């Protein structure tokens, strides 16, 4: 019987790291799901290499999964880890800068041999040379013990090694007092056709747990009590999955079949994967020959009456520019999802950045205004994908939805909404039998034209990319008409401001400093502002970029200083300065493919307030 | 396709828009031939959609009193694909040119044929860029002198038929603007084919490439220069149809009936429905002056269409599915309750 005591913790950040083939993503998700079931709030982020199967043991082959759990509100996957599980020397090497001083490091000592150290570019053994002084290092022979546990299992050597991640998970389960049942059940289901493998994994999991208990890897283990979470039914959801589901929900709500034209691109491809699973909702999915075909197929479907969507990442958005202009000109609904990644060019495909804002707002030929929105958490990708679709079909013009790799691949618990609780979507479809209709006549409130679908008798008409007459939609080169149409298209987008919520602030209603952000930095900024104690500070986060919420200027006026924080060189700042030249915006930027850390933000905020 | 009560005349398909093509442009003949083809077909007027890219021929939808979409350069094939898939009941016609389909839109052109989307593609081939005022196109013969090739082109041209058959197209036909009745007839056959139907229309640009097909279409040479094929009929041409094609090893040759003991029975019979496309490719590739140019429906085979595949997958998945609404999806898999 263990003599270890149990201590209570508010929150903890755990990082699982190993070789691409070590199953770290699965290990991390298991720990996440078990913690969610126990009622913790949490956020996760996978961090894996762009290479699919990088050479074993190398630093560029390291795959990581970070999870932040707590009994307090958790808004980010955490800046640095309190616990690191390093399955080999390379995993330790790449994570040395991402762990807190005094952190607990569990290493699989079997993968710290001379050859492993060499591959990881350690000049000497970090376990012996003082590198890890000040850390609580647990040297566990994970590989050896896994082999030992499974020596009579009848599994081949390779299959045995595949179980070692469960040993590590068992150790962590003991450290944080988590039950094994959820993962045992998961293994039974996953390997339903292969019970030997399921049993082997379960055996190793239990062995890891007992090992930790027996050797008392820590003087005490920990418990993180459930968080105060709103009542309801929850699930974990990843950002890209939430985007896909938001679109499906909008399809059901609007009665328009979903149509996706898309070309695979990191980190957006999971939306294509997810939507491809749900053909039973009548969703038509085309994996097109290129980015341009993806959007053009969607535009063709929009013309015929579908809820049309194309999904991509930065370089793909660049390729789609001309076609977005066509949808703006033809006044057809279309949702363009851009899961941003580091740029320019191919850039940092698996890293996060917010540098496509200017491209989304302005990146087309001619005066071609598009509605631009941004999601800010993995789960609100659902809400904003839904709203992007709603606004697009109701206003008959394209919407660009910006998410990013950090949101798309991140996950968090999500209170499951009921379809009844979502707003209605009313596409302006022209019903049969209307007389005196003109293709470009529009309603006063939204300035949207009616959607006259091919196949409806009597409404045969032509649309296209040439400038249109204001009313008939016939080709028109009349100078005054062109100016009128250019102004109308801009005004139509600005009218959307009457249909979106006002900007709200978190923190002081007025004060010394307003922290402004947009999109995926929500978690970091909210956490940092909440840690500013008694400072006169507030956080305003933008989900609607174009148009901005109507009360934006009024909010800005309530604070003596404003700092706009972005993972780019200041694109939103530039945009705001153009709209509000009377306001002074300071800026704080980071362009490393990484999110802000709480520390760097609070340091900056204190500095600004003190100035 | 649907039960059609109404009888249409060509006037029903003429729009009120002023025609802006140059006087004498071959496009007008194509437009007239199509106006006359549509009443012969089995679709309701509201089910026709004409989708074009950019170029002279892409003005076409404005002159059709049907649904129409004049889109962007090269992308009409992709947009047509989307429209057809979204509503397979529609009769979708893509109107494109040699620059639009084979240069900037080359990828969409080949992929659409490969997928076999059930649309009709009218490829206006005048071997020149008209709207940008006379540059060579991917179908211009080597050596063509234009404003952008004052010393003659040095690139080798595409032959649309070869390209299409290389993409495993299921329907390829060739017509020419000077023979409107034949065009109408081929358009009707293109429509009745399920799958992507490509009709290459040799079309004269009076301004920038006038008489480029004169060695085929001039009345004096026409009989020897054109071979009109018909499924099940021997491939004959020439005045009094005395010449025909025979196969010598792997090569087509011209034989004259009555010479060297050749009778009509020796002449190859056209089989448009043959799965093997070797002979179709050879026919599509025949060139002046050694051979006549082959016109009519060269290939017409039945293969599953993409749009049908999309629909039947939806049907199969729906039948097998246990999650059939968003509310069911939202609570599927692992969930937990906070009380």
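For residue A:499, project a label point 7 Å along Cα to C-beta. Then give me every residue of region A:357-401 with its amide nitrogen under 12 Å of that point. A:371, A:387-399, by backbone N distance to the label point.
Could you work out the Kirkwood radius for region A:505-610, taking every pair of different alpha carbons, averaging 1/r and inverting it, reported in Å? It is 13.7 Å.
Under the rule a/c < 1.5 gives rounded, and otherwise a/b versus b/c splits prolate from oblate, where does region A:498-562 land using the Cα gyration tensor? If you can, show how the numbers build up before the last one.
Working: a/c = 2.46, a/b = 1.39, b/c = 1.77.
The shape class here is oblate.
For region A:363-413, the Cα gyration tensor yields ellipsoid semi-axes of 24, 14, 5 Å (square root of five times each eigenvalue, largest first, whole Å). Comparing region A:271-319 with the 2.2 N^0.38 Å rule of thumb, its C-alpha radius of gyration ratio is 1.14 (two decimals). Computed from the alpha carbon positions, the gyration tensor of region A:236-500 leads to an equivalent ellipsoid with semi-axes of 30, 21, 16 Å, biggest first.
Assuming R0 = 22 Å, what is the FRET efficiency of residue B:132 and residue B:154, from their Cβ-Cβ distance, to the nearest 0.05?
Values: r = 20 Å, r/R0 = 0.90.
Between residue B:132 and residue B:154 the formula returns 0.65.
The simple spin-label model puts a point 7 Å past each Cα toward its Cβ; for residue A:534 and residue A:589 those points are separated by 3.6 nm. With R₀ fixed at 45 Å, the C-beta to C-beta distance from residue A:7 to residue B:321 puts the FRET efficiency at about 0.40.
Placing one equal scatterer on every Cα of chain B and applying the Debye formula, the log10 ratio I(q)/I(0) at q = 0.06, 0.13 Å⁻¹ is -0.25, -0.99. On the beta carbon distance between residue B:278 and residue A:273, with R0 = 41 Å, the FRET formula returns roughly 0.55. Rounded to the nearest 10 degrees, the inclination of helix A:239-254 to the longest alpha-carbon principal axis of chain A is 40 degrees.
Which whole-angstrom value gives the distance between the alpha carbon centres of region A:232-291 and region A:103-181? Distance between centres, Cα-based: 38 Å.
Helix A:195-215 versus the longest principal axis of chain A: what is the Cα-based angle in degrees, 0 to 90, to the nearest 10? Taking Cα atoms only, the helix is inclined about 60 degrees.
Which angle from 0 to 90°, rounded to the nearest 10, does the C-alpha axis of helix A:380-395 make with the longest principal axis of chain A? Tilt of helix A:380-395: around 10 degrees. Quick check: from the Cα gyration tensor, does region A:22-85 come out rounded (a/c under 1.5), prolate or oblate? The shape class here is prolate.
Estimated from helices alone, the mean residue ellipticity of the protein assembly as shown at 222 nm is -9500 deg cm²/dmol (sum of -39500 (n - 2.57) over DSSP H runs with n ≥ 4, per residue).
Both radii were evaluated on the Cα set of region A:60-159; the Rg over Rh quotient, with Rh as the Kirkwood radius, amounts to 1.03.
Computed from the mean reciprocal separation of all distinct C-alpha pairs, what Kirkwood hydrodynamic radius does region A:5-223 have, in Å? Don't jump to the answer; show the numbers that get you there.
Numbers: mean 1/r = 0.0577 Å⁻¹.
Result for region A:5-223, one decimal place: 17.3 Å.
List the residues of region A:75-93 whose backbone N lies under 11 Å from a point placed 7 Å from the Cα of residue A:135 along the Cα-to-Cβ direction. Only A:81-93 fall inside the zone, counting backbone N under 11 Å.
Report the extension gain between residue A:554 and residue A:466 in nm, rounded to one decimal, defined as 0.36 nm multiplied by the number of residues separating them, less their alpha carbon distance. Let's see the in-between values first.
Working: separation 88, 0.36 × 88 = 31.68 nm, distance 3.95 nm.
Computed gain between residue A:554 and residue A:466 is 27.7 nm.
Label separation (residue B:18 vs residue A:193): 6.9 nm, computed from points 7 Å beyond Cα along the C-beta direction.
Seen from all directions on average, the protein assembly as shown presents a Cα convex hull projection of 47.6 nm².
Between the alpha-carbon centres of region A:383-452 and region A:555-599 there is a gap of 29 Å. Spin-label model, residue A:358/residue B:181: points 7 Å from Cα along the beta carbon direction are separated by 6.5 nm.
Taking the convex hull of the Cα atoms, report for region A:210-273 its projected area averaged over all directions, in nm². Intermediate values should be presented prior to the final figure.
On the way: hull surface 35.5 nm².
Averaged projected area of region A:210-273's Cα convex hull equals 8.9 nm².
Quote the Stokes-Einstein diffusion coefficient, in whole µm² s⁻¹, for region A:322-434, based on the Kirkwood radius over alpha carbon pairs, a temperature of 37 °C and a viscosity of 0.692 mPa s. Show your work: numbers first, answer last.
On the way: Rh = 15.5 Å.
Approximately 212 µm²/s, per Stokes-Einstein.
Overall shape: prolate for region A:166-312, with the ratio a/c of the largest to smallest alpha carbon gyration tensor axis at 1.5 or above and a/b above b/c. In region B:133-222, Rg over Rh equals 1.02, where Rg is the alpha-carbon radius of gyration and Rh the Kirkwood radius from pairwise Cα distances.
Coordinate-derived values only; no laboratory data. This one's a predicted model, so the numbers in the text were calculated from it and none came from an experiment. Note that we place each Cβ from the backbone using ideal geometry, even for glycine, and neighbour counts take in every protein chain shown.
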